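The values are calculated or read from the model by the stated rules, or taken from the named source; none is laboratory data. It should be emphasised that the depicted structure is a prediction, and the values quoted were computed from it without experimental measurement. Cβ sites come from the backbone with ideal geometry, for glycine too, and all protein chains shown count toward neighbours.
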Amino acid sequence: MTTFRQQLALALIAATATIVAAGVPAIMGLGNKSSLEPPSVTATSTTCDKVTVAKVCVDNLTVQFNSNEPQQVKNRDRIPLKAGDTLRLSNLTYCIPSKAPVNRVEVKVYLFLNGVESYKNGLFTPSNFPINAACHNIGNFQKTWTLKPGQHRVSIPIIKYVGSNRIVDSSFYFNLDVGR
């Protein structure tokens, strides 16, 4: 009789876990995605969403140094390179939480040489970015950078428009230590 009770209890626990796991996305409004949308990570399950629930942010970035394999770069990373290396942005994922009021988004990438904030070294994409609540990938940055010796910072501001207000958040960056 005890084994039957244990098996029944385990079955009830498993069934409850399945029901809860299936019900949470529906309760949070995540279960009503259109079948025409490509699958993507939802804005409520990202690492950048933990900062604030109404902030558009960079979730992850894939870069390519020289002709090496693309690699993930995390916020505030420090990467050692040498002069003459090239840097190319392969893919950037930004997320819009459901509570973020947005009517337009821009993503730009700037390389600041030796700590000087000059906006001449920018990489831009010509796309219009999706503004629905989810995570979106962009990867059509059109040029690469050839690096010079020194300490550099790559800054990726997310620019969102709420009505006629322009809000710039440049909290995502990484540093390059470029030797001779």
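Scan region 56-82 residue by residue and report those that are surrounded by fewer than 17 Cβ atoms within 10 Å (Cβ to Cβ) and outside any strand (DSSP E or B). Within region 56-82, ASN66, SER67, ASN68, GLU69, PRO70, LYS74, ASN75, ARG76, ASP77 qualify.
Against the definition (within 16 Å of LEU81 (Cα to Cα) and in contact with a strand residue (DSSP E or B) (Cβ under 8 Å, 6 or more places away or on another chain)), how does LEU123 come out, yes or no? Answer is no for this residue.
Just checking, how many residues over region 149-180 are assigned to a strand (DSSP E or B) and on the phi > 0 side of the Ramachandran plot? Even if it seems obvious, please write down each step before you answer.
First, the residues of region 149-180 that are assigned to a strand (DSSP E or B): 150-162, 165-179.
Retained after the next criterion (residues that are on the phi > 0 side of the Ramachandran plot): 150.
Qualifying residue count, region 149-180: 1.
So, in region 53-96, exactly how many residues are charged (D, E, K, R), in contact (Cβ under 8 Å) with a residue 12 or more places away in the chain and out of contact with any strand residue (DSSP E or B) (no Cβ under 9 Å at 6 or more places or on another chain)? Let's see the steps before the verdict.
Going residue by residue through region 53-96, those that are charged (D, E, K, R) are 55, 59, 69, 74, 76-78, 82, 85, 88.
If we keep only those that are in contact (Cβ under 8 Å) with a residue 12 or more places away in the chain as well, we get 55, 59, 74, 76-78, 82, 85, 88.
Then keep just the ones that are out of contact with any strand residue (DSSP E or B) (no Cβ under 9 Å at 6 or more places or on another chain); that gives none.
Qualifying residue count, region 53-96: 0.
Which of the residues that make up region 150-168 are surrounded by fewer than 16 Cβ atoms within 10 Å (Cβ to Cβ) and of a type in the set (D, E, K, R)? Hit for region 150-168 is ARG166, nothing else. For region 105-115, give me the residue count where each residue is at pLDDT 85 or above and exposed (fewer than 13 other Cβ atoms within 10 Å of the Cβ). Residues in region 105-115 being at pLDDT 85 or above and exposed (fewer than 13 other Cβ atoms within 10 Å of the Cβ): 1 in total. Entry remark, region 89-112: residues being over 15 Å from ILE167 (Cβ atoms) and either assigned to a loop (DSSP other than H, G, I, E, B) or touching a Lys or Arg at 6+ places or on another chain (Cβ under 8 Å) (or both) number 3 in total.
For region 121-141, the count of residues that are outside any loop (DSSP other than H, G, I, E, B), assigned by TED's automatic domain parsing to the domain that holds ALA54, within 19 Å of the chain's Cα centre (by Cα) and among the polar types (S, T, N, Q) is nonzero. Just one of the numbered conditions (1) surrounded by 13 or more Cβ atoms within 10 Å (Cβ to Cβ); (2) modelled with pLDDT under 85; (3) more than 16 Å from VAL154 (Cα to Cα) is not true of ASN128: (1).
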